[in-house]
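Here the structure is laid out as structure tokens; the discussion comes afterwards.
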Amino acid sequence: MSQAPSAEQQARNDRFERVWGNLPGWGTLSAVNHTTVGLRFLITGLIFFLVGGLLAMLIRTQLALPEQEIIGADLYNQLFTMHGTVMMFLFAIPVLEGAAMYLIPKMIGARDLVFPRLSALGYFCYLFGGLIILSSLFLQIAPDSGWFMYTPLSSREFSPGMGSDFWLLGITFVEISAISAGVELAVSILRSRAPGMSLQRMPLFSWYILAMALMIIFGFPPLILGSVLLELERAAGWVFFAVEGGGDPLLWQHLFWLFGHPEVYIIFLPAAGIVSTLIPVFAGRPIIGYRWVVLAIIMMGFVSFGLWVHHMFTVGIPQMAQAFFSVASMLVAIPTAIQIFVWLATLWAGKVRFHLPMLWIMGFLIVFVCGGLTGVMLALVPFNWQVHDTHFVVAHMHYVLVGGMLFPLVAGLYYWLPHVSGRMPSDSMGRWGFWLFFIGFNMTFLLMHLTGLLGMPRRVYTYEAGLGWGWLNLLSSVGGFVMAIGVATVILDIVLHFRFGRKASPNPWQADTLEWAIPMPVNAYNFASIPEIRSRHPLWDQPELMRSIPAGEHGLSQIEDGRRDTIGSDAVTGEAREVMHLPTNSWEPLITAAVLAGLCLSLLLKTYLLAILFAVLALVACLRWSWVNGLHPRIAPRDRTGDLPLHSRTTDGPGRWGMIVTLMADGTLFASLLFGWLYLWPVAPDWQMPEQSPLSVWGLLGSGLVLAGALGLWWRQVQGAVSVGGLLLVTVVGLAHCVALVLTAIEAGLGPGDSAHDSILAVVLAYLIFHSGLTTLLTGLQALRVRQGYTSQALPYELRVLHPLWGYTVVVYWISIVVFLALPAAFGGGA
Amino acid sequence: MIRSRFWRHPASLLLGPVVWSLWFVVLYAMLSLSCLQGWLVNGGDHPAAINLLLAVAGLLVTLLLLISAWSAWRTPSETGFMPRTSAMVSACSAVASLLLVVPGLIMAPCL
């Protein structure tokens, strides 16, 4: 047992709590610290899970017996669409992001994530977006085209109501949350580990979350683009997916599954991270094959992007191309198998303690392996054709997603529960919950394989009697309700443990990772002092940390200027490089998210003047946010802390990393747009490439040269000669480029309502104008900040943050010239 | 010197998979374009010139990845973690690239 803190220690803890704690009452809405935001994600996600589960129960009630009319076809369509949407977008991803946000800083020895306000913004976008989507269900105008919204079913012609708009705008809004979490987690893992925690000493969970974060960065933009294009087609009549006018509905499928398949692994990887964390703890030994697991994570992350077409085997793709995707689909089983064998070997070599979390891990191993095996079956093209769109696919998907995500998630919930509450869950009630859930789950979905093989299609609201599916469906429905009782038991157990659970001892599972060195229940600042890490298993190899961290014997044990501090470290070696000042409680995330919600709603209601107003307000809110940042005296009141400089006094701080990671997502969105163009051009049956581009070659080249000139002038500023006049000159030249680009766009007289060709050009021009305008605006802002003394030749931090955006803006401009102007001129005119 | 620094950098972990991913995209794009435009497909019979082209290109990518794996493996490093892991990742990517050659050897291109 830990000793009671000394008076000095208690005084320090109180000081830390005052600086890091949330404001009381309504002020708690301004909380930005990762513990609060992570828990909010988790609790909100679990509420959405209950909503999704309720929808599933309604579906199973309807399907329990043949020829039932409890729920009509229209409502049934809304129910299964919303079930999938809620579970995938509002439960699975946000809950895992929340778990990662809660755990990562604690595991890597940091006091918070590096962009706390971004996490809070992400949470509110998720909450508001989720509520907007869910409201459609209560208004009975929910989307009803399936959770993947295939065109033309989801297009205006076949879905004239607002359902699809709710989905497209709501999900895009929610995805702001996912992208911000991706940026936040990737940069935090790379740049804020405790001193000495090199990459090879990093906990495996962090490797998994790093991979997940990067996969979000590269995986979500295709869907964001697809959603924007489809909403433009529905609301403004532009052409992207309609065959008439040169679009192609298959473009939607490509964009959706370019996101959709990696998403399965975005969900699986953090869950596997939980498994890789828990198994060594309960086996009482280090994991066997740490390096093999890292290798498997990287391979899985990449290969999962090469499988998207296996969702489209029936759309008429050449067989050899199908074979490539079939091979890739089988290949991804190899890194998965590596992890399974590593886990089994670790269990085999250790002395396993079968506590409650281990029970859920064992359930995971059984269910997920079954799901993986049916996955290999589905990778085989002929079999895939046979069972396409049947209940077999539904069963496989649930085995993979529930087995691969929910079982480890519940294991993790039970494992880290004492961390949050300081109490242990009930072992007996927890076991009842597990067995009810496990039996109910297999009863529901194992049988569904059979109904699928017998030919029952998915997404039908009823079926005739006498087809041989009746008794299987009835048993599936009974199993569904048994599973629901299991969920209720687990929830009851968790709720009751806060009141009746016995007090947890420090590090109750004898774990090896740093989060257990934090006193329980959890505080707002994690570590009273930040230790130097000398091992991959700090609490096993440096057990004194349990005492010395709270005693303040390590780094940053004092609070200076009442500011929140954590250590910034080298991405590879983990060597301490700077002290990062982190923002305190702030209303900006809530205000910005509320304004964005207003924008989303006004677009939904097609009140476009209001939408413009909200867009302007959102811009103002973001600029206001960015103003009190960097070297603003309210953020950075001093130069250094001890031997280390403040991050805002360096040239390679977390802001620059955040910008680069954000641009990676932005670049993926641009690449998806290029893909759309290069796909529709040869494939769409009605595509028309005009003899001559409607865009003025001289206008674009001239505007591009002005942009290049602005970059040259900017470069001189970054290289050292920074001045207000110099930055204003860059701003004026950037503005001239923007004006020239806008005039070129207007002069082109594009007709996006008439052809996909013009629609895509219009989107590209809007993309370029947005980036040029933003870069120019931010440069103008820098000129003002130089005048205020926040940026200077000696303090170039902010210029370094903006620098990659300038490079990106120029590069995408010239790539656009080549792809949208030069290529058609060389190969395609008149095609 | 540059080689050693590269293989000790975490970006080297991504080299193999990035090459594999690019190859995968190029493979799919080349085959699709070839079938759409009727380039190198020999009227749809097997083997067509596109089969040979893709197989040779696939073997070259495999070779390139194997060379990079060998180069990483031989790089001296304090703990060996980064170069050895990069070597294993590149080797796995080489195997994955080689497997993608197989359909091209046995199937008609545009069926």
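Computed values, structure above
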item: Hypothetical label at A:Arg787: residues of region A:729-756 whose amide nitrogen lies under 20 Å (7 Å Cα-Cβ projection); result: A:729-736
item: Counting all C-alpha pairs of region A:1-59, share separated by more than 12 Å (%); result: 77
item: Other-chain or far-sequence residues with amide H under 5 Å of A:Leu646's (modelled H); result: A:Val579, A:Arg640, A:Thr641
item: P(r) of region A:348-426 over all Cα-Cα pairs, binned every 10 Å from zero, in whole percent; result: 18, 35, 25, 15, 7, 0
item: From phi via Karplus (6.51, -1.76, 1.60), per-residue ³J(HN,Hα) for region A:9-22 in Hz, x at Gly/Pro; result: 5, 5, 4, 5, 4, 5, 4, 4, 5, 5, 7, 9, x, 7
item: Whole-number percent relative contact order across region A:688-831, with pairs defined as alpha carbons under 8 Å at least 6 apart; result: 39
item: Largest to smallest principal axis extent of the C-alpha atoms in region A:280-414, angstrom; result: 52, 31, 21
item: Amide H contacts under 5 Å for A:Gly196, placed H, 5+ residues apart; result: A:Ile533, A:Glu575, A:Ala576
item: Region A:688-831, dipole about Cα centre (Lys/Arg Cβ +1, Asp/Glu Cβ -1), debye to the nearest 20; result: 680
item: Listed residues A:Phe166, A:Gly182, A:Ser145: farthest to the positive end of the dipole of region A:143-222 (Cβ charges); result: A:Gly182
item: Using θ = phi - 60° and Karplus 6.51 cos²θ - 1.76 cosθ + 1.60, couplings along region B:36-52 (whole Hz; Gly, Pro as x); result: 5, 8, x, 7, 6, 9, 6, x, x, 6, 10, x, 9, 4, 5, 4, 5
item: Unit Cα scatterers, Debye sum, region A:448-598: log10 I(q)/I(0) for q = 0.09, 0.10, 0.20 Å⁻¹; result: -0.65, -0.72, -1.24
item: Net charge of Cβ neighbours under 11 Å - reference A:Trp416; Lys, Arg +1; Asp, Glu -1; result: 0
item: Whole-Hz couplings from phi, Karplus 6.51/-1.76/1.60, listed for region A:374-380; x for Gly and Pro; result: 5, x, 5, 4, 6, 6, 7
item: Computed P(r) (all Cα pairs; region A:688-831; 10 Å bins; percent); result: 12, 40, 26, 15, 7, 1
item: Magnitude of the charge dipole, region A:514-582, Cβ model with Lys/Arg +1 and Asp/Glu -1, debye to 20; result: 160
item: Spherically averaged projected area of the protein assembly as shown from its Cα convex hull (nm²); result: 37.6
item: FRET efficiency estimate (nearest 0.05) - Cβ-Cβ, A:Ala236 to A:Gln692, R0 35 angstrom; result: 0.85
item: Taking the C-alpha atoms of region A:389-499, convex hull volume expressed per residue in Å³; result: 93
item: Convex hull projection area averaged over all views, region A:8-151, Cα basis, nm²; result: 11.9
item: Separation of the A:Trp471 and A:Ile47 label points, Cα + 7 Å toward Cβ, nm; result: 4.4
item: Long-range Cα-Cα pairs in region A:529-666 (distance over 18 Å), rounded percent; result: 69
item: Reachable lysines, given that their alpha-carbon falls under 25 Å from the alpha-carbon of A:Lys106 and they are not under 8 places away in the same chain; result: A:Lys503
item: Value of Rg/Rh across region A:402-446 [Cα atoms, Kirkwood radius]; result: 1.04
item: Using distinct alpha-carbon pairs, which all enter the 1/r mean, Kirkwood radius of region B:28-100 in Å; result: 14.0
item: Three-way shape label, region A:298-353, alpha-carbon gyration tensor, a/c 1.5; result: prolate
item: Shape metrics for region A:328-379, restricted to C-alpha atoms - Rg then Dmax, Å; result: 12.8, 37
item: Structure-based [θ]222 nm, chain A - -39500 (n - 2.57) summed over DSSP H runs of at least 4, per residue, nearest 500; result: -22000 deg cm²/dmol
item: Hull volume in cubic angstrom per residue (convex hull over the Cα atoms of region A:627-761); result: 156
item: More than 15 angstrom apart: percent of Cα pairs within region A:228-325; result: 72
item: Share of alpha-carbon pairs per 10 Å distance bin for region A:514-582, given as whole %; result: 19, 50, 29, 2
item: Mean Cα-pair separation over length for chain A, i.e. relative contact order, pairs under 8 Å, 6 or more apart, %; result: 17
item: A:Arg423 long-range amide H proximity, modeled H, under 5 Å; result: A:Ala504
item: Nearest-20 debye value, chain A charge dipole, Cβ charges on Lys, Arg, Asp, Glu; result: 2280
item: Summed residue charge, Cβ within 13 Å of A:Val661's Cβ, Lys/Arg positive, Asp/Glu negative; result: 0
item: Proximal charge balance of A:Thr85 [Cβ under 13 Å; K/R count +1, D/E count -1]; result: -3
item: Selected from A:Leu344, A:Gly709, A:Ser696, residue furthest toward positive end of dipole (the protein assembly as shown; charges at beta carbon); result: A:Leu344
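FYI, it's all coordinate maths here, none of it is from the lab. All values reported here derive from a predicted model rather than from experimental measurement. Positions of Cβ are generated from backbone atoms using ideal geometry, with glycine treated the same way; all protein chains shown enter the neighbour counts.
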